[in-house]
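Report on one structure; see the data block that follows.
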Amino acid sequence: MPERPSGLLWVIFLAYFTFGMITNVLGVIIPEVIKQYDLSLFAAGLLAFSFFLAYGVCSIPTGLLMDRFGAKPLLVIGVALMALGCLGIVWVGTYAGMLAMTFSVGVGVTMVQTAGNPLIQHLDRTENYHRNLTLTIGFCGIGAFLGPFILAFIRGTGRSWQSLYVVFALLSFVLLACLVLAKFPSRGTPSTDRFRLNQLSKLITNPLVLAYALGIFCYVGAEVGTASWIVKFFESVHGSSGEVANLQSASFLTKVLPTLPALVVALFWGLQGTGRLVSGAVLNKFGSRRILRVYSFLALACLLVADYGSKDMSAVGFAACGFFTSVLFTLIFSGTINSFTENHGTISGLLCTAILGGALIPPLVGYVGDNFGMHAAMLVPAVCFAYVLGLSLFGSAKYE
């Protein structure tokens, strides 16, 4: 048996913790960016577009590079791009420059995730793979939950929101040093998991692949399109402050804690991470197909409650929506993979490319918000969740 450097697993945990914070803090950054650059909602939505565009552009090339060069160079380059992009966000003085730096961070995160997911299997005993993958996703959720709290502390102590990206850059440089010094396994990628460019044309016209790739597109679009606009929704619909921290408070503790809208964003991601950690027992008891149907229905229902309920109901609805999104991505993904006996790497690359939904849906939500208000805007992710529900009811992917 080849040596498995299990210590590297903790470095991967740190990597997912870091990019979980960087990725999912956008929902509380957007109101700050709108104020600083005097943006429309559509223009502010381009922040998520520039980040998630990287998944659509880079997932397939990264899959090919992973097969040829292995995980270490991709992880090192990816984390370096994350660090430099975060520093760039601090230094640039224009919104266009910030979009470019955000795209750089997105490319880095794409490379880390594409290389990291299959690497986890080779860092411990094979029977521990699902446990370790779940823990990895859990660390990503912890980072996502803590991001708004760190930003609130930074704003509450009188520093600019860009200071958050100094913290992200420092974390990334620590991670980069760990990766450069770490020993990686030499085991190659199994042939069934390799990306095959010559199979693209065949698979891209397969009805099941198309339907479930659109499911990934709609799910990620709904997730990002909801979380990115929670703070702005509370500001527009319920009259809440768009600030992430209680800057006017006389109490230091109250000043450095998130406001209700920012707290709801943190809970959205935190409950999503919690849902992923407990999902194993739920899936074993009730089955993947049934849970996909129940959770997609409840995610849609909670979003509609948040959209049309009172302020308190909106807070509970958005947070609960995060919980019920917890397994949707993995179940759509795994159902597609399980439906085929080969070309798993190519199918995986196509499905990861469909994460492009996270780039296109948030600006659409912003456009609808500019022209019809935030109540109507939240119907855009609701339609996306409705497609996932339809896929769970009528899709033909194999689960059991």
Completion exercise
Checked pairs for the range 176-187, first aromatic (Phe, Trp, Tyr) and surrounded by 16 or more Cβ atoms within 10 Å (Cβ to Cβ), second at pLDDT 85 or above and in a helix (DSSP H, G or I), C-beta under 6 Å and 6 or more apart or across chains, list as PHE184/LYS72
Problem - Residue tally, condition in contact with a Leu (Cβ under 8 Å, 6 or more places away or on another chain), of a type in the set (Ser, Thr, Tyr) and assigned to a helix (DSSP H, G or I), over the range 304-337 - result: 1
Problem - Filter pass, CYS321 being in contact with a Ser or Thr (Cβ under 9 Å, 6 or more places away or on another chain) and at pLDDT 95 or above - result: yes
Exercise for the section: Looking at (1) buried (at least 24 other Cβ atoms within 10 Å of the Cβ); (2) within 20 Å of SER160 (Cβ to Cβ); (3) over 19 Å from the mean Cα position of the chain (by Cα), find the lone condition where GLY85 falls short. Expected result: (3)
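Just checking, how many residues over the range 200-222 are assigned to a helix (DSSP H, G or I), in contact (Cβ under 8 Å) with a residue 24 or more places away in the chain and either surrounded by fewer than 22 Cβ atoms within 10 Å (Cβ to Cβ) or among the aliphatic types (A, V, I, L, M) (or both)? Break it down into steps so the answer makes sense when it comes.
The initial filter retains those residues of the range 200-222 that are assigned to a helix (DSSP H, G or I), namely 200-203, 207-222.
Within this subset, residues satisfying the condition of being in contact (Cβ under 8 Å) with a residue 24 or more places away in the chain are 200, 203, 208-209, 211-222.
Narrowing the set further to residues that are either surrounded by fewer than 22 Cβ atoms within 10 Å (Cβ to Cβ) or among the aliphatic types (A, V, I, L, M) (or both) leaves 200, 203, 208-209, 211, 213-214, 216, 220, 222.
So the count comes out to 10.
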Practice task
Under 6 Å between Cβ atoms, at least 6 apart or on separate chains: pull out the pairs that start in the range 155-173 with a residue that is in contact (Cβ under 8 Å) with a residue 24 or more places away in the chain and end on any residue that is among the charged types (D, E, K, R).
Solution key: GLY156/LYS255; TRP161/GLU32
Exercise for the section: For the range 104-113, state whether one or more residues are at pLDDT below 95 and more than 17 Å from the chain's Cα centre (by Cα). Expected result: no
Practice task
Pull up the range 7-20, narrow it to residues that are crowded, with 24+ Cβ neighbours inside 10 Å and more than 11 Å from GLY116 (Cα to Cα), then point me to the one that is farthest from the chain's Cα centre (by Cα).
Solution key: THR18
Problem - Residue among GLY63, GLY88, GLY108 that is out of contact with any Leu (no Cβ under 9 Å at 6 or more places or on another chain), of a type outside the set (Val, Ile, Thr) and within 24 Å of GLU32 (Cα to Cα) - result: GLY88
Practice task
Scan the range 347-357 for residues that are at pLDDT below 90 and β-branched (Val, Ile, Thr) and jot them down.
Solution key: ILE347, THR353
Practice task
Could you grab the pairs with beta carbons closer than 8 Å, sequence gap of 6+ or different chains, first residue in the range 338-365 and over 22 Å from SER201 (Cβ atoms), second one assigned to a loop (DSSP other than H, G, I, E, B) and at pLDDT 80 or above?
Solution key: ASN338/ALA397; ASN338/LYS398; PRO362/SER228; PRO362/TRP229; VAL365/SER228; VAL365/TRP229; VAL365/MET378
Practice task
Determine if the range 313-331 includes at least one residue that is polar (S, T, N, Q), crowded, with 22+ Cβ neighbours inside 10 Å, out of contact with any strand residue (DSSP E or B) (no Cβ under 9 Å at 6 or more places or on another chain) and in contact (Cβ under 8 Å) with a residue 60 or more places away in the chain.
Solution key: yes
Practice task
Check whether at least one residue in the range 329-346 is modelled with pLDDT of 95 or more and acidic (Asp, Glu), and report yes or no.
Solution key: no
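The values are calculated or read from the model by the stated rules, or taken from the named source; none is laboratory data. Quantities reported herein were computed from a predicted structural model and do not represent experimental measurements. Please note: Cβ atoms are built from the backbone with ideal geometry, for glycine as well, and neighbour counts cover all protein chains shown.
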